[in-house]
Amino acid sequence: MSKPLLEARSLSHIYQLRRGLLGKTIPLRALNEVSLNIGDGEILGVVGESGCGKSTLAKILLGLEKPTEGEVLLNGRPLSDYPRHERAMAVQPVFQDPYGSLNPSMSVEDLIALPLHIHKIGTRPERRQKAAKMADQVGLPRRTLSANPSQLSGGQRQRVAIARALVAGPKLVICDEPTSALDVSVQAQILNLLLDLRAEHDVAMLFISHDLSVIQHMADRMMVMYLGRVVEEGGTQSIFANPDHPYTLVLRNAMFTPSDESGVPDLGLRGNFPNPMDIPSGCVFHPRCPMARPECARTSPALERRGNDDRRSACLFPLTAPENVPA
Amino acid sequence: MLLQVRDLKVTLQDQGQRLRAVRGVDLDLAAGETLCVVGESGCGKSMTALALMQLLPRGAELSSSKLQFDGIELSKLSRHKLSALRGRRISMIFQEPMTALNPVFTIGDQLRAVYRRHTGVSSAEAQARAIEVLESVGLTNAELRMKQFPHQLSGGLRQRVLIAMALMCEPEMIICDEPTTALDATTQAQILRILKEAQSARKMGMLFITHDLGVVARIADRVAVMYAGRIVEHGSRAAVLRSPAHPYTKGLIASVPRPQDGGTGSKRLASIPGNVPAFHHEDPRCPFLSRCPKRMSICTREAPPVRQTEAGQQVACHLPLDAQEALTA
C-alpha cells in the first residue's frame, strides 16, 4: 500500500473531569489506542453511539486537541509539526450544526472566502470570484452570496459550511455528523454533493455518523467504535454482509429502513448504558453483549486480522469464526 | 373511534404574519391502533399533536369541524375538564426528555404527583404504582431511580421515565412526538419495543409523530404523510410504503439511504430539489406543486381531488402514481 494521506498511530485521549470546584479529578478515557489510515480520495466511515469517542477523534485529527498518547501523521509528517495555517489548508471540518458553526454577522460570500483571506490566497476580486465558483459547485444560488446565514435554510447553511471547507483545496475533510440536523430529503442532497465533490476534487473524508445507513452509503471502509475503542474495521460492504463483532451486529439490527416491516427487534442487549467514566474490565462490550461468556470479563481482546481481507475485529468469540457459524 | 379529527386548522403568528401551520387535517385513530404521522420539519405534524392536546403556543388560532376523543368534543371542554383528561385518559411523550421533566424534583416526586393528582390515592400507593410502572418500562433499580433527579439519568433512561409517567394512569390514547429522535439507534429500538408492548397490553391508541420512515415501517398500522400543513397521502403501512401514490411520498422514501444501494458511494440518492414553502395565505392548490417532478398545468390551477388508489390509500393528487410507477426509482 502506498503511503497514506493521514495516519493515526495508537491514539489515546484522557479528559480530566473535576467534581465540584475543589474536588479531585476523575479521568475519562475517551479514546483508547485508536489507529487508522486514510488514503487519497478515500472515505473512511466512523460509526458508534454517544460517548464512543468519535467526536474526540475528529478533534484530534483536526489538531484541535492534542492526544494524550499516540501521534497523527499527515503526508508522513507529524500533525503537531505543522504550523497552524498549513494544517488548516490541508484538513478542514464540516460540523453537525449548521446554525452554530457560521458567524451570523458575515455574508455568505465572506464566509466562503474567509479561508482564502486568512491564508492570503489571491487578490480580493480573485477571492470573490473563487467564492462564487465554489457556491455554484455546492448548489447555492448566486443571490444567497450577499445573504446572512440567518436567511438560509438548514440545508443551505450546510452547503455554505461545505463550500468554506473546500474552497482552499484541502486534501482531507473531517465530517462530524454533517447531516444529522437535516431532513432526509435535504440529507440526500448533501450526501450527493459530498460524493460529487469527492469525485471532482479527489478529497478524502473521515465521515462520522451515528446513522449506519448513511455510513453504508458513503464509506469505502468503516470503523465501529465502542467506549473509545475500535471494535471492528474493514471494507464497508464486507462488514455489512458479515459482521464479525457482536456490537456491529447489534448496530446493524437497530438500523431501520423503510423497506423492512418486520417489527421492532429485540437486540438482546443487557445491562445499562455504557459509562465512559467506568470502563468495564476485559472486553469493553461484555456487560451488554448478547453473546458474552465468562472469559470476556477477564481478557481484553486485541484488534486482530481475520480471514484474508483487511478486516480486523476485537472479539474473543467473533461471529465469523468457523465454530460460531451454524452449519 | 377513539379519536376523530376533521378539518383541523392551526394558524400561528410569525413576525406579524399569519403562518398557516396546519391547513385542514382529518385523522381517525382506533383503540389499539398505531397511526404514524410522518413528514419533514415545518410540515405541521407537531402542531397537529399539540392541537389535539389543546396545548398550542400563545397566539395560535385553532379551528376544526370536529375534534373528538371518545365522543367528547375537546375544543369545547373547560380548562378544568381538559386537565382532568390530559395525563389520565390521553398522555403525551415529547422528543426532549430533559425539558419535559422538572429539574428540581426527583423522578419519584414527579411520578407520584401525576398519579395522585388524577386518582387521589395515598403517597404510599402512588409510590408502589410508580415502581411497578418503572419496572414495566425496563428500568432496573426502580426504587433508587425514584430518588434521583432528571440530570442524573442518561437520555435513554429519562425517556423511559417519561414513558412511565405517561403510562401511570393507564391512558386510552398516547400521543408521541418524535420520542426517540434524540436517542442512539440501539436505545431507540429498546424504547420502541417498550412502547409497543405497553400499547398492546393496554389496547392503547397511539398517534406517533416522526420524520423517520424506517421507524414507521417497524411500528405503524396506518400512515399519514404530511406536507406543508396538509395530509397528502394516508393509508395502511404496506400501501403507503410499498406503493406510494403521492410524488412527495415517493421522493421521501427514495431519499433514505438503503442497504440495496451497494453502498460503495457510487449510487446517487434521489433527492427532492428545493425547500418546503411556508403558507401565509389560503391556497387550495397542491402544496407540493413547486417541487413536484410530475407537475401538470392543472396542478397550478385547481385543488387536487382526494382519490382512493388500488392499494387502498387516499391520496390528494391530480395524477397519483400507479403501483408500477411507485416501484421504479
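The values are calculated or read from the model by the stated rules, or taken from the named source; none is laboratory data. Computed from a predicted structure; not experimentally measured. Cβ coordinates were reconstructed from backbone atoms using ideal geometry, including for glycine residues, and neighbour counts include every protein chain displayed. Heads up: the accessible areas ignore ligands, DNA and RNA and are worked out on the full protein's heavy atoms, side chains in. Shrake-Rupley method; radii C 1.70, N 1.55, O 1.52, S 1.80 Å.
Before moving on, here are some points about what is shown:
- Failed item in (1) within 14 Å of chain A (Cβ to nearest Cβ); (2) in contact (Cβ under 8 Å) with a residue 24 or more places away in the chain, with B:GLU197 passing the rest: (2)
- Top-ranked residue in the stretch A:263-288 [being at pLDDT below 90 and within 9 Å of chain B (Cβ to nearest Cβ); ranked as nearest to A:HIS217 (Cα to Cα)]: A:PHE273
- Identity of the residue in the stretch B:197-252, within 21 Å of B:ASN275 (Cβ to Cβ) and in a helix (DSSP H, G or I), that ends up most open to solvent (accessible area, probe 1.4 Å): B:LYS250
- Residue ID - most open to solvent (accessible area, probe 1.4 Å), chosen from residues in the stretch A:248-262 that are more than 7 Å from chain B (Cβ to nearest Cβ) and closer than 26 Å to A:GLY282 by Cα: A:ARG252
- Every condition in (1) of a type in the set (A, V, I, L, M, F, W, C); (2) under 30 Å from A:SER180 (Cα atoms); (3) touching a helix residue (DSSP H, G or I) at 6+ places or on another chain (Cβ under 7 Å) holds for B:LEU62 except the one numbered (2).
- Evaluation of A:ILE121 against (1) open to solvent by 30 Å² or more (accessible area, probe 1.4 Å); (2) farther than 13 Å from A:VAL167 by Cβ (one fails), failing number: (2)
- Flag for A:SER153 being open to solvent by 20 Å² or more (accessible area, probe 1.4 Å) and facing chain B (nearest Cβ under 10 Å): yes
- Qualifying helices (runs of 4 or more DSSP H) (wholly inside the stretch B:64-128; at least 3 residues being open to solvent by 70 Å² or more (accessible area, probe 1.4 Å)): B:79-85
- In the set (1) without any contact (Cβ under 8 Å) to a residue 60 or more places away in the chain; (2) buried (at least 18 other Cβ atoms within 10 Å of the Cβ), A:GLY20 fails one condition alone, (2).
- Residues of the stretch A:200-247 classified as more than 9 Å from chain B (Cβ to nearest Cβ), open to solvent by 10 Å² or more (accessible area, probe 1.4 Å) and assigned to a helix (DSSP H, G or I), total: 4
- Residue list for the stretch B:218-229, filter: modelled with pLDDT of 95 or more and over 14 Å from the mean Cα position of the chain (by Cα): B:ARG218
Residue-by-condition table, conditions (1) within 12 Å of A:PRO246 (Cβ to Cβ); (2) β-branched (Val, Ile, Thr); (3) in a strand (DSSP E or B); (4) in contact (Cβ under 8 Å) with a residue 60 or more places away in the chain:
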| position | (1), (2), (3), (4) |
| --- | --- |
| A:LEU269 | yes, no, no, no |
| A:CYS283 | yes, no, no, no |
| A:ARG288 | yes, no, no, no |
| A:MET291 | yes, no, no, no |
| A:GLU295 | no, no, no, no |
| A:ALA302 | no, no, no, no |
| A:GLY307 | no, no, no, no |
| A:ASP310 | no, no, no, yes |
| A:PRO318 | yes, no, no, yes |
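- Taken over the stretch B:20-54, the criterion of being within 14 Å of chain A (Cβ to nearest Cβ), open to solvent by less than 30 Å² (accessible area, probe 1.4 Å) and among the polar types (S, T, N, Q) is satisfied by B:THR34 alone.
- Residue in the stretch A:288-297 that is within 19 Å of A:VAL34 (Cα to Cα) and either of a type in the set (S, T, N, Q) or surrounded by 17 or more Cβ atoms within 10 Å (Cβ to Cβ) (or both) present: no
- Top-ranked residue in the stretch B:129-168 [being among the polar types (S, T, N, Q) and assigned to a loop (DSSP other than H, G, I, E, B); ranked as nearest to the other protein chains (Cβ to nearest Cβ)]: B:SER154
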